[in-house]
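Some notes on the structure that comes next.
The values are calculated or read from the model by the stated rules, or taken from the named source; none is laboratory data. This structure is a prediction, so every number in the text was calculated from the model and none was measured. Don't worry about glycine lacking a Cβ; one is built from the backbone with ideal geometry, like all the others, and counts go over all protein chains shown. With ligands, DNA and RNA removed, areas are computed over all heavy atoms of the protein, side chains included. Shrake-Rupley method; radii C 1.70, N 1.55, O 1.52, S 1.80 Å.
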Amino acid sequence: MSKGQEKKGNDESRNIVLCGVGGQGTILASKLISAASMAKGMEVRSAETIGMAQRGGSVFSHIRLGSGAQCPMNAAGTADIILGFEPGETVRMLPYLKKGGMVVVSSRPVMPVTAALAGSDYNGEAMIEYLRAKAGRVVVVDTEKACRELGSGKIVNLLLLGVAAASGQLGLTVEDIRQAVKLKVPAKFHELNFRALEYAEKLAQ
């Protein structure tokens, strides 16, 4: 990341949306963004909807960074970046993305509870293609491959955060996220999380 990108991230406000299903680490990712932002002296407003998270239901978070953000919820068409932990959920939250905004999305689909109960088909690749057609900039992260190579399925959140931070569009640096991990994640998981951030940083190059 260039110094110019880092300065831009620190000085400007950001509207962020995170979305996924229960068990993917979406809420922890939201807390890491908030902690990293507050550590830099930025104002933070956030709101979370968990719903049926323990049953694989939808989970999403709205975060607004910087001065002037009075309401934690992002209005439609105002999010600078969407971190999508699941393709279908990302499509559902796409109306929040502003024109020219960025989407960082996991390629691994997780069939929603509603689709499973209805016995309907669910095509993750079709969701990715839709995002590519409709969003300004889309970065698809092969989280299944990354988790296999890193030896854990519990690092999707750090992979997406790392790619987003390295892109310069999150308003935070990879080092900011690393420091937030030290504050919010038990020490025994630090090494794994740091390796996930390093892996993500290489993906974004």
What pairs in LYS40/LYS188; LYS31/LYS154; LYS98/LYS134 have C-alpha atoms more than 22 Å from each other? LYS40/LYS188
What accessible area per residue comes out for the stretch 64-205, rounded to a whole number of Å², with a 1.4 Å probe? 49 Å²
Can you give the FRET efficiency for ALA76 and MET38, using 1/(1 + (r/R0)^6), R0 = 22 Å, r = Cβ-Cβ distance, to the nearest 0.05? 0.25
Would you calculate the separation in nanometres between label points at ALA187 and LYS134, each defined as 7 Å from the Cα along the Cα-to-beta-carbon direction? 4.6 nm
Rounded to the nearest 0.05, FRET efficiency between ALA47 and LYS99 (Cβ-Cβ, R0 22 Å) equals 0.45
Calculate one ³J(HN,Hα) per residue across the stretch 94-111 by plugging θ = phi - 60° into the Karplus curve 6.51 cos²θ - 1.76 cosθ + 1.60, and present them in order as whole Hz with x for glycine and proline. 4, x, 6, 6, 7, 4, x, x, 10, 10, 10, 10, 6, 7, 7, x, 10, 4
Convert each backbone phi in the stretch 144-156 into a coupling constant with the Karplus relation 6.51 cos²θ - 1.76 cosθ + 1.60 (shift: θ = phi - 60°), then list the ³J(HN,Hα) values in order as whole Hz, x for Gly and Pro. 5, 5, 5, 5, 5, 6, 8, x, 7, x, 9, 10, 4
Can you pull the semi-axes for the stretch 141-182, root of five times each eigenvalue of the Cα gyration tensor, sorted largest first, whole Å? 20, 12, 6
For the stretch 70-205, just say rounded, prolate or oblate: build the C-alpha gyration tensor, square-root its eigenvalues into a ≥ b ≥ c, call rounded for a/c under 1.5, and beyond that prolate if a/b exceeds b/c, oblate if not. oblate
